[in-house]
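These notes are about the structure you will find just below.
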Amino acid sequence: MIEILNLTKKYGQINAVKNLNFTVEKGEILGFLGPNGAGKSTTMNIVTGFISSTEGTVKVCGYDIMENPKEVKKRIGYLPEQPPLYFDMTVKDYLSFSADLKQVDKKKKQSQLSDIMELVQITHVKDRLIKNLSKGYKQRVGMAQSLIGNPEVLILDEPTVGLDPKQIIEIRKLIKALGKDHTVILSSHILPEVSAVCDRVVIINKGEIAAIDTPENLSKGFESASKLSVTVAGPKGSVINSIRNIYGVKHVDDHIEKDKDIISYVIESDKDVDVRRPLFFAMSKLGYPILELKSMDLTLEDIFLQVTTEEKEVG
Amino acid sequence: MLAIFKRELKAYFLSPIAYVCIGLFIAVSSFFFWGNLTGGNGDFNSNLSIMNFILILIVPILTMKLLAEDRKNGTEVMLVTSPVKLSSIVIGKYLAAFVVFLCMTVISLIYPIILSGFGSKFTMQLVGGYIGFILLGACFVAFGLFASSLSENQIISAVVGVVGLLLMYLLQSMSTSFGGVLGTVLGWLSIFSRYNDFDGGLLNLSNIVYYFSFTAIFIFITVRIIEKRRWSQG
């Protein structure tokens, strides 16, 4: 659906983006993750045809952005970092203008506009001037604009930035729903967002791809040991001793005392051994109840930090 | 192109800017018209020449927001990434500002109509003057549009527009004072010296072509400037 080959963008001597290579399949939600200034927006601006690349090619649905910009632009809905809104227009007028720009069929226009306004829940503000809307609503209007013309590809640059937690959840749900019949590229520097919504993640740092995989595989790949957190009601010494005797346990530490007799431990064990069952039996044999037991998977956050700091050391 | 033209035109009349420009134009031009009435002067062509000069100050204010505002608000992204040609975008915007200018021109027709009430005749000279006035206005709008593409700051766009047009105005007298080859070359560049023929009721084809070319060239340069920015910056 989207093919990016050797994409490079230079600003003078500085490489904003260097040798990017990745493809996005039809119906996939791809997360684009990176610290500020990593080149996320630059890449998105190139894919949508707003700016040109220095080298490399971008193909959307088989059309090259340089050779056939009109065909590409027809198929892309773009929500830039700053929603492109005309503050002096009402929501309805603005979306209608956007539909005219995207050459939506006049007969279908009205029904499409009302469908989209319903979808992003802005129908009740349609007659208000955009400048009087709150940030969250402005973001939604920007989102609505990107959906007009029912483009096959959606490119969303930090769609949830500046929204309150409830709105963030709503927008994420919306993106997930859209992902069913659209191809989506979503950029973010918020990690839980990407792991919640995306099928695949590209981590980009200093203009280069640092990692690319599914969120699950990324977690697995970077894990060298599995970690458990357990809270047991029982005397510290005997609990630690008994845990250490379980097969596969490499390390026990960090006992946080919640109470004199209720203590939390972090257990590190071999990657392919599940120590939860033996742990349960060991504790029940001693008569110490387990109050809490949870696995501590490597979060995308850990991977992100790991990947981006490794890069720094090399550079 | 039509969508952009409609939006821009609506934006002009929904914001104070069109009213301020038209109002300013009426205020200043009626001040000079007062001279006609009190002085018993039935010749309106001299007023048109003065109104040309007023346009130097008014048109850049009218056009300053055309492209600068889009850059500042980020709406440029939406326009450029839509499946519309860059030239259509620019021409749509140009036409919107030109229509506002035409509104001023139409309003100014009231002056010769009033004069005709005092027995002054509609002459071909006046028709020629108005054709020249409209063509010159078309050039001003194109130059203002060009100035608007240079900066994302509307004030800078307006200042560049006014200063640029003033320089062109001065070229007229500079070309005569220099004389020789330099004078001739400067004379070619002076959009105002061409106006004199129209003012005399002369419809010279080369002058009409000149004004159309001037307009087209500045629209073209504007498109190229936006195009170039896509290549050099983000």
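The values are calculated or read from the model by the stated rules, or taken from the named source; none is laboratory data. Given the structure is predicted, the values throughout are model-derived calculations rather than measurements. Heads up, the Cβs are rebuilt from the backbone with ideal geometry, glycines too, and the neighbour counts pull from every protein chain shown. Side chains are part of the model used for accessible areas, which takes the heavy atoms of the whole protein and leaves out ligands, DNA and RNA. Shrake-Rupley method; radii C 1.70, N 1.55, O 1.52, S 1.80 Å.
Observations, loosely collected:
- With all protein chains modelled, accessible area of A:LYS258 [1.4 Å, Å²]: 130
- Both chains summed, the buried accessible area for A and B stands near 2500 Å², from protein heavy atoms and a 1.4 Å probe.
- Unit charges on C-beta of K, R, D, E only; dipole of segment A:147-255, Debye: 540
- Surface accessible to a 1.4 Å probe, B:PHE32 within the full protein complex, Å²: 80
- Rg and Dmax [Cα atoms of segment A:155-207; Å; Rg one decimal, Dmax integer]: 11.0, 32
- Most positive-pole-ward Cα, B:LEU67, B:TRP34, B:ILE217, against dipole of chain B from beta carbon charges: B:LEU67
- Subset of A:LYS92/B:LYS10; A:LYS92/A:LYS135; A:LYS109/A:LYS180; A:LYS74/B:LYS85; A:LYS26/A:LYS109 violating a 21 Å alpha-carbon distance limit: A:LYS109/A:LYS180; A:LYS26/A:LYS109
- Chain B - percent relative contact order, Cα under 8 Å, separation 6 or more: 27
- Accessible surface, per residue, of the protein assembly as shown when the full set of protein chains is kept, probe 1.4 Å, Å²: 47
- Span-rule helices in chain B, defined as complete DSSP H runs reaching 15 Å or more along the axis (Cα) with Kyte mean at least -0.5: B:2-14, B:16-39, B:45-63, B:86-108, B:124-150, B:154-178, B:205-232
- Computed over segment A:65-186, relative contact order equals 35 percent, with contacts defined as Cα pairs under 8 Å that lie 6+ residues apart.
- Short-range pairs are left out: with C-alpha atoms under 8 Å and at least six residues apart, the relative contact order of segment A:19-71 is 21 percent.
- Rg [Å, one decimal], Dmax [Å, integer] - segment A:87-145, C-alpha atoms: 10.6, 32
- Taking the Cα centre of segment B:1-97 as reference, the dipole from Cβ charges on Lys and Arg (+1) and Asp and Glu (-1) amounts to some 360 debye.
- Here the accessible area is traced with a 1.4 Å probe on the protein chains. For chain A, carbon and sulfur cover 50 percent of it.
- With every protein chain in place, segment B:2-229: carbon and sulfur % of accessible area (1.4 Å): 75
- For chain A: Kirkwood Rh in Å [reciprocal of mean 1/r, alpha carbons]: 22.3
- Net charge dipole size for the protein assembly as shown [Lys, Arg +1 and Asp, Glu -1 on Cβ; Debye, nearest 20]: 1080
- Orientation-averaged projected area, Cα convex hull of segment B:1-142 (nm²): 8.9
- Using the alpha carbons alone, the radius of gyration of the protein assembly as shown stands to its Kirkwood radius in an Rg to Rh ratio of 1.18.
- The trypsin sites (Lys or Arg not before Pro) of segment A:173-213 that DSSP puts in a loop, and whose beta carbon has at most 13 other beta carbons within 10 Å, are A:LYS180.
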